[in-house]
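Participant: Right, I'll just put the structure down here and ask away after.
The values are calculated or read from the model by the stated rules, or taken from the named source; none is laboratory data. Just so you know, these numbers come straight off a predicted model, no measurement behind them. As a convention, Cβ positions derive from the backbone with ideal geometry for all residues, glycine included, and neighbour counts pool all protein chains shown. Note: accessible area is taken over every heavy atom of the protein model, side chains too, but ligands, DNA and RNA are not part of it. Shrake-Rupley method; radii C 1.70, N 1.55, O 1.52, S 1.80 Å.
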Amino acid sequence: MKKRYIAGMMAGVAVIAIFTICFTQGKKENIKDEKELITIGFSQVGAESDWRTANSISIKETFTPERGYDLIFEDARQDQSNQIMAIRSFIQQDVDYIIFSPVVEDGWDTVLEEAKRARIPVIVIDRMVNVKDDSLYTAWVGSDFYMQGEKACAALKAYVDAQEMEKVNIVHIQGTLGATAQIARTQALTEAASRYGWNIVAQESGDYTEAGAYEIMNRVLNEYDDIDYCENDNETFGALEAIKKKYSNGGGIKLISFDATEKGLRYTMNGNIMINMECNPMQGPEAEKIIKQLQDGKTPQKQAFVPEQIFVDGNVITDVCVDGKTYDVQPVTEELIEMRDY
Ligand code: AHR
């Protein structure tokens with residue numbers, strides 16, 4: 001009896017020991033797997049536009065565990081202090097890389113110095129930062145917003161000349177004040193207006209939202225507005241809604257937009273938008289290229305632009321010329337719209 005009891009006890013201890021070894025090894029395996037993932041802290045501006053949603057999807061689809069990444073995604077709801085808080089928490093968590101799209105250009109020096117002290121490389125995407133020392137970020141990839149504005153204004157000039165318009169009145173709905181996209185698109189319009197004698201009859205920020213632009217357009221719309229220059233598609237949709245409320249036939253107002261989202265392209269094909277300058281949100285793969293270079297011990301290019309095209313209502317504009325260089329304009333087709341997934 002006693003012998004059987006002792007044997008039973010020993011078997012029990014052996015089972016527990018084997019179970020414990022297997023369990024701890026399994027746990028170690030998991031930890032090892034987790035360690036092999038590259039940890040990325042990403043701070044997004046918000047969800048103000050269709051473009052932004054597409055940009056977030058591009059990041060989330062690029063940095064997945066299956067592809068070797070552990071992504072911590074934070075939405076700042078268009079508030080810089082939330083972005084600063086998110087970056088500080090990434091530093092606390094000792095992530096391998098920080099990526100962020102800054103809501104505005106100024107005010108990043110202190111937090112980026114903290115990231116630098118922690119030796120965490122920072123990759124800036126989409127909009128730019130204005131910092132006194134550019135070693136505070138490793139690389140930037142995004143749009144040439146000034147060129148976007150210049151092309152849009154060159155297309156408008158071609159239209160004004162073709163129509164022999166003597167007076168050009170423009171309602172200008174700006175993006176979030178202080179964001180690179182706003183600063184550069186506004187600068188391009190302001191310069192073109194003074195060069196060609198166009199009148200900017202109203203200028204206000206719609207914060208890149210449909211609701212913001214609707215409210216402005218509803219208020220400022222009057223019979224002298226010829227052109228509406230909106231700094232993104234969602235603002236254009238809001239402005240268009242206000243215009244249609246007042247004039248069922250659109251009142252002859254011509255719209256200039258940025259982004260070229262699926263809905264924006266459809267409006268361009270239908271003639272609701274005259275000029276739509278593409279802004280490319282597919283920046284996840286571009287950020288990943290930079291990380292791969294860093295992982296391989298290489299130095300990535302400090303600043304790089306994503307490729308972008310200009311789409312126009314083909315009945316109105318045929319080419320665009322900036323600084324003596326002619327750029328192709330793309331007429332919008334049904335196939336093109338179908339290929340757009342944002
Ligand atoms: O910074 C890119 C701009 O921000 C896009 O034009 C706009 O749609 C977005 O919200």
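Participant: For E215 and Y247, what does the FRET efficiency come to when R0 = 25 Å and r is the distance between their Cβ atoms, rounded to the nearest 0.05?
Facilitator: Efficiency computed from Cβ-Cβ geometry: 0.90.
Participant: Which of L265, L294, L136 moves the most in a Gaussian network model of the chain with Cα springs under 10 Å?
Facilitator: L294
Participant: While we're on this one: Around K292, what is the net charge, scoring Lys/Arg as +1 and Asp/Glu as -1 over all other residues with Cβ under 13 Å from its Cβ?
Facilitator: Neighbour charge sum, excluding K292 itself: -1.
Participant: For segment 300-342, just say rounded, prolate or oblate: build the C-alpha gyration tensor, square-root its eigenvalues into a ≥ b ≥ c, call rounded for a/c under 1.5, and beyond that prolate if a/b exceeds b/c, oblate if not.
Facilitator: It is oblate, given that a/c is not under 1.5 and a/b is not larger than b/c.
Participant: Follow-up. Which whole-Hz couplings ³J(HN,Hα) result when phi for each residue of segment 173-185 is put into the Karplus expression 6.51 cos²θ - 1.76 cosθ + 1.60, θ = phi - 60°, listed in order with x for Gly and Pro?
Facilitator: Each residue of segment 173-185 in turn: 9, 7, x, 4, 4, x, 7, 3, 4, 6, 4, 6, 5 Hz.
Participant: Which one of T209, T190, Y229 has its Cα pushed farthest toward the positive end of the charge dipole of segment 186-229, where Lys and Arg give +1 and Asp and Glu give -1 at the Cβ?
Facilitator: T190
Participant: Pop out the carbon and sulfur fraction of the accessible area of the chain as a percent, whole number, probe 1.4 Å.
Facilitator: Here carbon and sulfur together make up 51 percent of the probe-accessible area.
Participant: Counting Lys and Arg as +1 and Asp and Glu as -1, each charge on the Cβ, what is the dipole of segment 58-122 about the Cα centre in debye, to the nearest 20?
Facilitator: Value, rounded to 20: 140 debye.
Participant: Using the Cα centre of segment 275-342 as the reference point, and only Cβ charges (+1 on K/R, -1 on D/E), how large is the resulting charge dipole? Debye, rounded to the nearest 20.
Facilitator: Roughly 540 debye, rounded to the nearest 20.
Participant: If R0 is 45 Å, what FRET efficiency do you get for M339 and R117 from their C-beta distance, rounded to 0.05?
Facilitator: Between M339 and R117 the formula returns 0.50.
Participant: What is the distance in Å between the Cα centres of segment 301-342 and segment 43-103?
Facilitator: One Cα centre to the other: 28 Å.
Participant: Dipole magnitude of the chain about its Cα centre, charges +1 at Lys/Arg Cβ and -1 at Asp/Glu Cβ only, in debye to the nearest 20?
Facilitator: It comes to approximately 1980 debye.
Participant: Another question about this same structure. Ranking request for peptides 120-128, 139-147: highest mean number of other beta-carbon atoms within 10 Å first, then the rest in descending order.
Facilitator: 120-128, 139-147
Participant: How much net charge surrounds N82 when only other residues with a Cβ under 12 Å from its Cβ are counted (Lys, Arg +1; Asp, Glu -1)?
Facilitator: -1
Participant: Per residue, how many Å² of accessible area does segment 135-283 show with a 1.4 Å probe?
Facilitator: Here the residues of segment 135-283 average 36 Å² of exposed surface.
Participant: Treating only the Cα positions of the chain as identical point scatterers, give the base-10 log of I(q)/I(0) from the Debye formula at each q in 0.09 Å⁻¹.
Facilitator: -0.55
Participant: While we're looking at this one, here's another question. Starting from the Cα of K289, step 7 Å along the direction of its Cβ; do the same at A47; then give the gap between the two resulting points in nm.
Facilitator: In this crude label model, K289 to A47 measures out at 3.0 nm.
Participant: Hey, another quick one. Taking every DSSP beta bridge with both residues inside segment 199-319, roughly what % is antiparallel (nearest 5)?
Facilitator: Of the beta bridges lying entirely in segment 199-319, close to 30 percent run antiparallel.
Participant: Based on the mean of other beta carbon atoms within 10 Å per residue, what is the order of 270-276, 103-109, 151-157, most packed first?
Facilitator: 151-157, 270-276, 103-109
Participant: Per-residue counts of other Cβ atoms within 10 Å, averaged by peptide: what ranking do you get for 203-210, 329-336, highest first?
Facilitator: 203-210, 329-336
Participant: Ok, one more. Listed here are the pairs K132/K298; K292/K325; K157/K292; K151/K302; which of them are more than 32 Å apart at the Cα?
Facilitator: Distance filter (> 32 Å) returns K292/K325; K157/K292.
Participant: May I ask for the net charge around V141, where only other residues with Cβ less than 14 Å from the Cβ of V141 are counted and Lys, Arg are +1 while Asp, Glu are -1?
Facilitator: Taking every Cβ under 14 Å from that of V141, the sum is -1.
Participant: I would also like to ask the following. Which whole-number percent is the relative contact order of segment 131-280 (Cα, under 8 Å, 6+ apart)?
Facilitator: 23 percent
Participant: Rounded to the nearest 500, what is the chain's calculated 222 nm mean residue ellipticity when only DSSP H runs of at least 4 contribute -39500 (n - 2.57) each, over all residues?
Facilitator: Calculated mean residue ellipticity at 222 nm is -15000 deg cm²/dmol.
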